[in-house]
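Please read the structure below before turning to the comments.
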Amino acid sequence: MEALFTPTLILHITCGLAASLVGLAPIFTRKGSRLHRLSGRLFAGLMATLLAAAWLMTALHFSPYFLALSATATMTLFSGVRVLGRKRPDIRREDRAKPLDWIVTLGVVGVGLWVLFLVVTGQTGDLAAVSSALAYGALVYGGWDLWRFARPTDWPFSPNLWNYEHLAKMLGAYGAVLSAFSGNFLTFIPTPWSQLWPSFLFQTVTVIWIAVLIVRRRRSTAFA
């Protein structure tokens, strides 16, 4: 097992460092541009490889914290990419959730509930706070998607909802990379804040960014 764990860890760290750099490009480039799409695909590929390694390492050396982090990051990346194919479920049935969406989302919700059980029963040690936060994140993202899958045209659906979801989830995925990086390398920050500050930062950025987009769209509609 150790012979498999070490190269997997190296792959995981390498992809994480690369994703933390590449992930800046989709954030700061013009949305919809060629560079935005290409850098976004590269970021998604690095994240997918990183997460595959993370799941394998979690299976080899079980940790509730890494399980919760892997589940939440998987949810944000998977759903953030998949929502690009679910833009208009109101006019195209093929834009509604597929079986794969249901399977992955229900699996992540199950992991979130399991991690909370481990926290409550005292099996997460000094990582209880950050494990709980990650588990709740998995439940929030998963619960939201299950609602959207079951009632795709109900509130708060709008033709632009996919854009807000994509933004929130991909920023969440990038925040997960920074959380792992900070928790392992920025050791001068006390725990659990070394793992939590990227989540708080990007959640705040997400709310402000989406609010600005909504205001801009309403203004453009009002003056159209």
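Any residue in segment 1-29 that's more than 14 Å from residue 48 (Cβ to Cβ) and among the hydroxyl-bearing types (Ser, Thr, Tyr): show its pairings with residues that are at pLDDT 95 or above and open to solvent by 40 Å² or more (accessible area, probe 1.4 Å) at Cβ separation under 7 Å, as long as the two are six or more apart or on different chains.
8/56; 29/35
Tell me which residues, restricted to segment 145-156, are more than 13 Å from the chain's Cα centre (by Cα) and part of a helix (DSSP H, G or I).
146, 147, 148, 149, 150
Collect the residues in segment 77-97 that are in a helix (DSSP H, G or I), within 24 Å of residue 176 (Cα to Cα) and open to solvent by 20 Å² or more (accessible area, probe 1.4 Å), keeping them in residue-number order.
78, 81, 82, 84, 85
Does at least one position in segment 157-180 carry a residue that is modelled with pLDDT under 90 and assigned to a loop (DSSP other than H, G, I, E, B)?
no
Just to be sure I understand the filter: pairs with C-beta atoms under 8 Å, separated by 6 or more residues or on different chains, first member in segment 71-85 and closer than 13 Å to residue 175 by Cα and in contact (Cβ under 8 Å) with a residue 24 or more places away in the chain, second member open to solvent by 10 Å² or more (accessible area, probe 1.4 Å) and among the aromatic types (Phe, Trp, Tyr). Which pairs pass?
72/141; 74/55; 75/141; 76/141
Do the conditions hold for residue 58, that is, is it among the polar types (S, T, N, Q), in contact (Cβ under 8 Å) with a residue 60 or more places away in the chain and within 23 Å of residue 129 (Cα to Cα)?
Spelling it out, it is not the case that residue 58 is among the polar types (S, T, N, Q), in contact (Cβ under 8 Å) with a residue 60 or more places away in the chain and within 23 Å of residue 129 (Cα to Cα).
If a residue has to be among the charged types (D, E, K, R) and touching a Ser or Thr at 6+ places or on another chain (Cβ under 6 Å) to count, how many in segment 78-133 make the cut?
Qualifying residue count, segment 78-133: 1.
Restricting the search to segment 109-140, which residues are part of a loop (DSSP other than H, G, I, E, B) and touching a residue at least 40 places away in the same chain (Cβ under 8 Å)?
123, 124
Would you confirm, using the coordinates I've provided, whether residue 100 is closer than 19 Å to residue 171 by Cβ and in a helix (DSSP H, G or I)?
No, not satisfied.
Examine segment 27-41 for a residue that is within 17 Å of residue 182 (Cα to Cα) and assigned to a helix (DSSP H, G or I), and state whether such a residue exists.
no
The values are calculated or read from the model by the stated rules, or taken from the named source; none is laboratory data. Just so we're clear, the structure is a prediction, and the values are computed from it rather than from any experiment. Glycine gets a Cβ as well: all are built from the backbone with ideal geometry, and neighbour counts include every protein chain shown. To get the accessible areas, we keep the full protein, side chains included, count just its heavy atoms, and leave off ligands, DNA and RNA. Shrake-Rupley method; radii C 1.70, N 1.55, O 1.52, S 1.80 Å.
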